[in-house]
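K.L.:
Dropping a structure here in structure tokens format, bear with me for questions.
No lab work stands behind these numbers, since they all come straight from the coordinates. None of these values were measured; they are calculated from a predicted model. Here Cβ is always computed from backbone atoms with ideal geometry, including for glycine, and neighbour counts include all displayed protein chains.
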Amino acid sequence: MRKIKEFIIEKLILLCGIASIFFVIMIFLFLLKEGLAVFKSVSPFKFILGKSWYPISEPAQLGILPLILGSLLVTLGAAIISIPIGVGCAIYIAEIAPLRLKEILKAGIELLAAIPSVVLGFIGMVTLVPMVKNVFHLPTGLTALSGSIMLAFMAMPTIVTIAEDALYSVPKNYKEGALALGATHWQAIWRVMLPAASSGILAAVMLGLGRVIGETMAVMMITGNAAVLPQSILVPVRTLTATIAAEMGEAVVGSEHYFALFAVGIVLFVISFAINVTADLFLHKKQ
Amino acid sequence: MKNPYKAQNIAFFFLFLSTLLIVVPVGLIVVIIVQKGLPGISWQFLSDIPRQGMRAGGIFPAIIGTLYLVSGAIVFALPIGLLAAIYLSEYSKDNLLNRVIKLAIVNLAGVPSVVYGLFGLALFVVFFKFGASIIAGSLTLGIMVLPIIITASREALESVPYSFREVSLSLGASKWQTIRHIVLPNAVPGILTGTILALGRAAGETAPILFTVAAFYLPRLPNSLFDQAMALPYHLYVISTQVPNVDEKIRYGTAFVLLALVLLMNLAAIVIRNRFRKKKKW
């Protein structure tokens with residue numbers, strides 16, 4: 001009797017063990033199921049490289065190039081801001097900060113990671129957006145730049161945490177060897193620790209940027225949502241994620257628009273999948 | 001480089017600066033929301049339904065909606081996540097399947113939240129015909145927080161010393177008895193920490209519930225699992241972008257309640273973790 005019970009329990013455990021694989025596949029299949037239908041009316045080539053996104057005009061124009069460029073522009077801006085600051089902060093926490101301060105800083109970073117994105121978007125709307133508007137004398141502060149700054153903050157917790165882990169797992173004798181040879185602490189960090197932790201730091205940056213590309217609410221609230229090809233970083237843009245979030249509510253289930261938004265979802269899924277698999281490879285290389 | 005110590009001082013100054021650039025805005029965000037949100041909080045704000053097109057009244061249905069969604073997500077995700085963690089830490093061998101499962105978990109954690117929304121819409125709302133409902137939203141959120149629960153529980157299980165298992169097995173206990181009576185009880189604080197973090201994450205997410213459950217304006221409480229419901233994060237989005245002329249007090253007040261809810265959960269998780277670390281007997 002007990003044997004049967006344990007047999008059932010162990011099978012149940014195995015089943016739950018592979019549930020994650022099941023869910024990833026399910027997500028991809030359902031995106032494909034709903035999204036591929038759009039390619040009956042527009043070729044994949046035109047969908048990706050089409051320059052205009054007017055999903056509800058007649059006939060609908062379904063080109064997501066403006067959205068892709070919007071996402072890339074905002075992500076690039078966020079990368080320029082968050083990588084140096086995030087890695088710098090990781091080095092400070094891992095190597096320089098005294099123990100008490102280290103605990104406080106780590107708690108601060110965890111706090112930032114915990115703030116819901118809609119709250120960050122709200123704060124961005126009432127503080128950052130008017131600031132950008134006044135500093136650059138723009139008609140509106142809802143720009144790619146505002147989005148980049150806000151998103152940089154959302155990428156930083158990921159970058160800091162993983163980069164700090166990478167620095168922490170560099171063997172202690174590397175640093176001690178450098179110090180014994182007469183290097184200063186900074187020389188040891190710059191010439192020895194950073195190169196040794198480079199694959200982990202690279203993974204940290206990739207995962208941070210993965211979070212940025214997938215971020216939805218804050219972006220939708222502060223980038224202005226204009227689905228046009230962006231000419232500069234000081235104009236409103238619209239990202240892939242914001243398009244789905246803003247338009248799915250109005251799209252009729254089974255319409256061309258609905259299928260197109262799922263196709264945008266496929267693009268996002270593929271991007272995040274590629275980023276996560278590559279970052280995972282880098283993280284495993286380290287060990 | 002002329003003077004390496006001078007270079008070091010300059011470098012350390014910039015590292016300190018970048019740390020400040022992260023920590024100071026975080027502090028400011030919290031201070032602004034507390035300062036402007038706290039005056040708007042009253043018993044009436046917390047317990048009344050929204051009135052006059054959300055320009056007056058309270059946020060009670062949104063709070064209740066979020067509580068329903070979060071509990072639903074955990075009821076679904078905790079058993080699956082915990083058993084998955086048991087599989088990874090106690091049963092799996094270092095083989096291809098193990099590697100693929102870990103990769104799937106990493107990917108599940110990395111899928112953009114709005115894609116979860118699409119998935120929930122396609123599977124639960126349309127395919128299973130649940131419609132926009134609490135159950136559809138809860139299941140979507142549950143799948144989203146699954147990686148958090150699995151990762152935290154696995155770490156907790158793996159940190160139980162191997163000798164505990166050996167002793168139990170050598171006394172004649174079966175593998176499942178060992179897990180059930182020796183490994184699990186010792187991993188409870190870690191599992192609890194992960195679960196609370198998952199609760200916090202589920203409470204704050206907006207994109208997954210946009211098309212699966214969230215009602216724009218529903219000034220009553222949901223009656224069943226198949227009802228639509230309001231939710232705090234979506235309510236904050238609506239009153240700060242979709243409805244013009246909402247009093248600042250109501251916006252900041254809503255942001256305050258949401259932030260307080262999420263931060264309290266995180267605080268609880270940190271407290272449990274630290275207390276456990278101090279008490280650890282091995």
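K.L.:
For chain B, restrict the atom set to alpha-carbon positions and state the Rg and Dmax in Å.
P.N.:
22.9, 74
K.L.:
While we're on this one: Return the loop-located trypsin sites (Lys or Arg not before Pro) in segment B:1-80 (DSSP other than H, G, I, E, B) with at most 10 other Cβ atoms within 10 Å of their own Cβ; answer none if there are none.
P.N.:
In loop regions of segment B:1-80 (DSSP not H, G, I, E or B), the sparsely surrounded trypsin sites (Lys or Arg not before Pro) are B:Lys2.
K.L.:
What 222 nm value per residue comes from the helices of chain B, counting each DSSP H run with n ≥ 4 as -39,500 (n - 2.57) and dividing by all residues, nearest 500 deg cm²/dmol?
P.N.:
The per-residue figure over chain B is -22000 deg cm²/dmol.
K.L.:
Of A:Phe7, B:Phe76, how do they rank once you tally other Cβ atoms within 10 Å and put the fewest first?
P.N.:
If I rank by nearby Cβ atoms, fewest first, I get A:Phe7, B:Phe76.
K.L.:
Follow-up question, since we're still on this one. Give me B:Lys278, B:Lys249 sorted ascending by neighbouring Cβ count inside 10 Å, so fewest comes first.
P.N.:
Ascending Cβ contact count within 10 Å gives the list B:Lys278, B:Lys249.
K.L.:
Next up: Let me know the Rg and Dmax you get for the protein assembly as shown when you use only its Cα atoms, in Å.
P.N.:
My reading of the Cα-based Rg and Dmax gives 24.4, 79 Å.
K.L.:
A further question follows. What is the spin-label model distance, in nm, from A:Lys285 to A:Glu6 if the labels are put 7 Å beyond Cα along the C-beta direction?
P.N.:
Once both label points are built, they end up 4.4 nm from each other.
K.L.:
If the elastic network links every pair of Cα atoms under 10 Å, which of A:Ala19, A:Ala155, A:Ala163 fluctuates the most in the Gaussian network model of chain A?
P.N.:
Evaluated over chain A, the most mobile residue of the options is A:Ala19.
K.L.:
Around B:Lys175, with a cut-off of 15 angstrom between Cβ atoms, what is the net charge of the other residues, counting Lys and Arg +1 and Asp and Glu -1?
P.N.:
Summing Lys/Arg as +1 and Asp/Glu as -1 gives +3.
K.L.:
OK, next. Compute the distance from the alpha-carbon center of segment B:168-239 to that of segment A:253-271, in whole Å.
P.N.:
28
K.L.:
Still on this structure, please answer the following. Viscosity 0.890 mPa s, temperature 25 °C: Stokes-Einstein D of segment A:66-106 from its Kirkwood Cα radius, in µm² per second?
P.N.:
Stokes-Einstein gives a translational diffusion coefficient of 206 µm²/s.
K.L.:
Same structure again: Can you return the lysines within cross-link range of B:Lys249? Criterion is Cα-Cα under 20 Å, with same-chain partners fewer than 8 residues away left out.
P.N.:
Here the lysines satisfying the reach criterion relative to B:Lys249 are B:Lys36.
K.L.:
Run the simple label-point estimate for B:Asp94 and A:Lys46 please: 7 Å along Cα→C-beta, distance reported in nm.
P.N.:
5.4
K.L.:
Just counting partner chain Cβ atoms within 10 Å, what average do the residues of peptide A:273-279 show around their Cβ?
P.N.:
3
K.L.:
Beta carbons within 10 angstrom, averaged per residue: use that to sort the peptides B:161-168, A:178-185, highest first.
P.N.:
Going by the mean number of other Cβ atoms within 10 Å, highest first, we get A:178-185, B:161-168.
K.L.:
On to the next question. So for the pair B:Ser163, B:Ala260, with labels modelled 7 Å out along Cα→Cβ, what separation do we get in nm?
P.N.:
4.8
K.L.:
For segment A:47-286, what is the largest minus smallest coordinate of the Cα atoms on each principal axis, given in angstrom and ordered from greatest to least?
P.N.:
Ordered largest first, segment A:47-286 gives principal extents of 73, 40, 29 Å.
K.L.:
Mean-square fluctuation check for chain B, GNM, Cα pairs under 10 Å: which of B:Phe60, B:Phe128, B:Phe13 is largest?
P.N.:
Of the options given, B:Phe13 has the highest mean-square fluctuation.
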